[in-house]
Each structure stands twice: as structure tokens, then as C-alpha cells.
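S.K.: Handing you this structure, nothing more for now.
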Amino acid sequence: MSDLDADVQTADEYGGEGPPVAEKPYKIIFEANACFGAGKCAEVSDTWEMSITTGMAKPDTYYITEEDLDHNVEAAEVCPAKKGDGCIHIVDRRTDEEIAPDPHGDGTLSVDW
Ligand code: SF4
């Protein structure tokens, strides 16, 4: 592995093993430190709610079914954090690609950790 490869972060490094992929094919990766509490995610997706104690968003699960995909993709796309790039990431666990918001346009995980 080159030094360059070592810098590339992949989604499977986050969140542990989780439920079987066939059951919940999508994973949420949340950059909570970049959330500033705008609440747009909770407006469009039932998975997201605003914490009364912190004022920031939190998902009620990190693994989602096909059924819950669309509203989570929308949450990822409307999130204005990180100058519009968003801090909610929806990853297809079968390919390990970020499907939303995918600001790089190539499926790479767009976290800034
Ligand atoms: S839309 Fe983004 S910045 Fe706003 S509360 Fe949700 S996660 Fe946080």
C-alpha cells in the first residue's frame, strides 16, 4: 500500500459490522462534528431528529433498508453543512460507495475526519 492509499478513507472503516448487508444494504455515516443544527435533515427524513440536549441532529439508526433509502438520500442532499457538501453520508454497503451526497462524483467517502 502506498502512502496515498493510506490516506483514502473507506466507509467500511466506520460503524462496526452491523446487521446483515442483505437486510440493511445502506449505511449512514454522520459527521456529527460538522453538524450545526439547521434541522433540514429532520424536515425531510423520519430517520433524523433534533436532539433537545445538544440542538444537533441524530439518526435513529445507522443501517437502513431500501425502503428508507430515498428520504435519507434527500437528507444527505439538503444538509447545508460543510459549505453545502453535507455531513450526512449514505453508503451502499455492497459496493462501499457513497451514493449521497457524493460531492466528488465518484462514490468516494466525503468525510473530513
Ligand atoms: S441538515 Fe445537516 S447541519 Fe442541519 S441538522 Fe441535519 S445534519 Fe445537522
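S.K.: Taking K and R as +1 and D and E as -1, what net charge do the other residues with C-beta under 12 Å from the C-beta of Tyr14 add up to?
M.R.: Here the charged neighbours net out to -4.
S.K.: List Thr108, Thr53, Thr95 from most exposed to least, where exposure is judged by having the fewest other Cβ atoms within 10 Å.
M.R.: Sorted ascending by nearby Cβ count, the order is Thr53, Thr95, Thr108.
S.K.: What's the extension gain from Glu66 to Ala22 if we count 0.36 nm per residue and subtract their Cα-Cα distance?
M.R.: Fully extending the segment from Glu66 to Ala22 adds 14.8 nm.
S.K.: Could you check the simple spin-label distance between Ala38 and Gln9, using points 7 Å along Cα→Cβ, in nm with one decimal?
M.R.: Taking the simple label geometry, Ala38 and Gln9 are separated by 2.0 nm.
S.K.: What are the semi-axes of the equivalent ellipsoid for segment 3-100, taken as the square roots of 5 times the Cα gyration tensor eigenvalues, largest first, in whole Å?
M.R.: Working from the Cα gyration tensor, I get semi-axes of 21, 17, 12 Å.
S.K.: Student exercise: in the chain, how many lysine pairs 8 or more apart or on different chains have Cα atoms under 21 Å apart?
M.R.: Taking the chain as the scope, the lysine pair count is 9.
S.K.: What angle do you read, to the nearest 10 degrees and between 0 and 90, between the alpha-carbon axis of helix 69-78 and the longest principal axis of the chain?
M.R.: 80 degrees
S.K.: Quick check: net charge around Arg93, other residues with Cβ under 11 Å of its Cβ, Lys/Arg +1 and Asp/Glu -1?
M.R.: Charge balance near Arg93 sits at -3.
Computed from the coordinates by the stated procedures, all read-outs in this text should not be read as laboratory data. Quick caveat, the model's predicted, so the values are computed rather than measured. A quick note on method: Cβ atoms are made from the backbone with ideal geometry, for glycine too, and the neighbour counts reach across all protein chains shown.
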